[in-house]
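> If you scroll down you'll find the structure; I have some questions about it.
The values are calculated or read from the model by the stated rules, or taken from the named source; none is laboratory data. All figures in this text were calculated on a predicted structure; none of them were measured in a lab. All Cβ positions, even for glycine, are placed from backbone atoms using ideal geometry, and neighbour counts span all protein chains on display.
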Amino acid sequence: MDTHDTPESSQNQTFLLGAIAVEAGLSAGTREVAGVWVDADMDYRKIEPVRRAAKARRIELTPLSRQELDARVGHDKHGGVVAEVGPRTFLTLDELLAHSGSERSFFVMLDGVEDPFNFGQSIRSLYAAGCHGVVVRPRNWAMADGEAPSIIARSSAGTSEFMPIALAETPEEAAEFFKAKGVVVAAAAETHEAVPLYDVDLTKPLFLLIGGEKRGVKRSFLNQADQVVQIPYGRPFEYALGTVAAVSVLGFELARQRGGK
């Protein structure tokens with residue numbers, strides 16, 4: 001299937017840090033990997049999954065001193081395992097839908113997530129809940145420069161490298177696409193038309209928009225939605241849940257209704 005590179009500059013170095021993130025980057029096949037460096041004093045038995053994944057890509061592990069690793073990435077928070085990688089590749093919406101291969105698939109668009117750590121944690125929860133793919137805008141944390149890709153990979157426990165991710169210019173564009181394919185379009189929002197999450201049948205193929213806790217979901221999207229749901233609280237409370245908490249509640253209710261174990 002065709003994939004599409006992000007517009008990251010080739011002059012910007014991007015690193016994945018730590019054994020879990022590096023193994024994921026090697027195994028997922030969503031990035032080119034220029035090289036992998038490990039602490040020369042590390043017990044290689046502790047990073048056997050990294051070694052196997054690198055061997056499968058025909059990439060040698062290059063031992064460096066701790067000081068050399070620190071100098072390469074500019075700090076010492078790398079866990080002794082570093083990979084220099086290229087831009088992540090993304091799918092089109094058509095490819096994402098074809099990739100799911102399930103009649104009960106569900107897709108989530110994350111819009112307005114405020115920082116890369118929360119973005120990675122959200123991906124982690126959705127991956128564990130069985131989400132078939134994530135949709136993001138072209139400008140998002142996954143294609144940001146600097147340390148964002150590494151923060152996402154580590155906070156997601158590597159799942160950000162494996163999760164199928166597609167691009168859409170706007171939530172409305174994604175909603176129009178999925179509606180045309182017979183997929184139910186839903187949003188999570190605190191509005192007068194919202195139905196409590198646990199009172200809704202969400203077992204059909206579903207596209208769900210989850211907005212950031214500050215901006216929420218725009219009225220233009222709510223007007224397109226077939227269903228608007230809200231997370232019921234256990235007591236009166238006027239504030240929104242944090243993005244990661246909301247994503248987890250929504251994702252695992254979808255998993256429960258689909259018979260997730």
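Let's see how each residue does on (1) without any contact (Cβ under 8 Å) to a residue 12 or more places away in the chain; (2) within 24 Å of Q13 (Cα to Cα):
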| site | (1), (2) |
| --- | --- |
| R45 | yes, no |
| A53 | no, yes |
| R58 | yes, yes |
| K77 | no, yes |
| L91 | no, yes |
| G112 | no, no |
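> Does at least one position in the stretch 43-51 carry a residue that is acidic (D, E), out of contact with any Asp or Glu (no Cβ under 8 Å at 6 or more places or on another chain) and either at pLDDT 95 or above or surrounded by fewer than 18 Cβ atoms within 10 Å (Cβ to Cβ) (or both)?
yes
> Hey, among the residues in the stretch 91-115 that are under 15 Å from A186 (Cα atoms) and of a type in the set (A, V, I, L, M), which one's surrounded by the most Cβ atoms within 10 Å (Cβ to Cβ)?
Applying the filter and picking the extreme gives V108.
> Could I ask something else about it? Sort through R154, R137 and tell me the only one that's within 30 Å of V50 (Cα to Cα) and among the basic types (K, R).
One residue alone meets the criteria, R154.
> If G80 passes every condition in (1) in the same structural domain as R57 (by TED's automatic domain parsing); (2) surrounded by fewer than 16 Cβ atoms within 10 Å (Cβ to Cβ) but one, which one does it miss?
Only one criterion in (1) in the same structural domain as R57 (by TED's automatic domain parsing); (2) surrounded by fewer than 16 Cβ atoms within 10 Å (Cβ to Cβ) is unmet by G80, namely (2).
> Just to confirm my filter: which helices (runs of 4 or more DSSP H) fall fully inside the stretch 46-137 and include at least 2 residues that are over 21 Å from R31 (Cβ atoms) and touching a Gly at 6+ places or on another chain (Cβ under 9 Å)?
Details: elements: 48-56, 66-73, 93-100, 116-128.
Per the criteria, 93-100, 116-128.
> Checking L167 against (1) farther than 15 Å from F90 by Cβ; (2) in contact with a Pro (Cβ under 9 Å, 6 or more places away or on another chain): exactly one of these is not met. Which one?
(1)
> Also, I was wondering about something else. For the stretch 147-229, please list each of the helices (runs of 4 or more DSSP H) lying entirely inside it that holds at least 1 residues being without any contact (Cβ under 8 Å) to a residue 40 or more places away in the chain and surrounded by 16 or more Cβ atoms within 10 Å (Cβ to Cβ).
148-155, 219-222
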